1. Out of the residues in region 16-54 that are within 10 Å of the ligand (Cβ to nearest atom) and closer than 16 Å to residue 98 by Cβ, state the one that is surrounded by the most Cβ atoms within 10 Å (Cβ to Cβ).
2. Based on what the data block shows, is residue 93 closer than 26 Å to residue 37 by Cβ, at pLDDT 95 or above and assigned to a loop (DSSP other than H, G, I, E, B)?
3. Is there a residue in region 82-102 that is surrounded by fewer than 21 Cβ atoms within 10 Å (Cβ to Cβ) and more than 25 Å from residue 13 (Cα to Cα)?
4. How many residues, within region 179-188, are in a helix (DSSP H, G or I) and either in contact with a strand residue (DSSP E or B) (Cβ under 8 Å, 6 or more places away or on another chain) or free of Cβ contacts under 8 Å to residues at least 40 places away in the same chain (or both)?
5. Got a number for residues in region 118-145 being within 11 Å of the ligand (Cβ to nearest atom) and within 14 Å of the chain's Cα centre (by Cα)?
6. Testing residue 5 on (1) closer than 27 Å to residue 137 by Cα; (2) buried (at least 17 other Cβ atoms within 10 Å of the Cβ), one condition comes back false. Which one is that?
Ligand SMILES: C[S@@+](CC[C@H](N)C(=O)[O-])C[C@H]1O[C@@H](n2cnc3c(N)ncnc32)[C@H](O)[C@@H]1O
């Protein structure tokens, strides 16, 4: 991680009120749609419908899945982003979504049938992502849907999808290895852009 957890949390709390309006790239929107679509498909195929959204931010994914799930837990390190997410849940009258402190490597969730994460894990280093994926496997989900900045080829430093001073995206190969080492099988790889994608991972023994 190129910044401490506290620095990332403060950085996001500072921009929380403007965050939703600032996420206007076609690739971010495509990623949100794909993550929600794959998570809905996983929820339709199951009787157990508890979702954990890690790095939930202002709740883009958690809130979109509220009506498809019995319960959604949104977890983040930024109080400001969590406050905004709670405000949106209240405005929409959603009771089955709760937001609280939780980090990738210590999600503060007991278990989840479907784990989702969008545009957040790229703050962790390669090794930290491995630890995060191990913590996700401990939640015993059937499906993990990861949308994020990830490299399909050699990254072009002039592209706008990550800031090298704060972000630390991995290659798709590294993520695939980390997932399979934790007992997941990749069932879909969606390339949104050369640096943005969605991976769907299922537990073989789940
Ligand atoms: C770019 S926002 C994405 C928010 C949301 N998932 C979305 O799709 O709009 C990244 C979020 O990840 C959170 N984050 C960064 N590092 C984290 C960590 N180690 N554990 C949990 N959340 C983290 C930040 O606080 C921020 O809210």
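1. 53
2. Values: closer than 26 Å to residue 37 by Cβ: yes; at pLDDT 95 or above: yes; assigned to a loop (DSSP other than H, G, I, E, B): yes.
When the stated conditions are applied, residue 93 passes them.
3. No, there is no match, as no residue in region 82-102 is surrounded by fewer than 21 Cβ atoms within 10 Å (Cβ to Cβ) and more than 25 Å from residue 13 (Cα to Cα).
4. Selection size over region 179-188: 2.
5. The total comes to 10.
6. (2)
The values are calculated or read from the model by the stated rules, or taken from the named source; none is laboratory data. Remember, predicted model here, so these are calculated numbers, not experimental data. Positions of Cβ are generated from backbone atoms using ideal geometry, with glycine treated the same way; all protein chains shown enter the neighbour counts.
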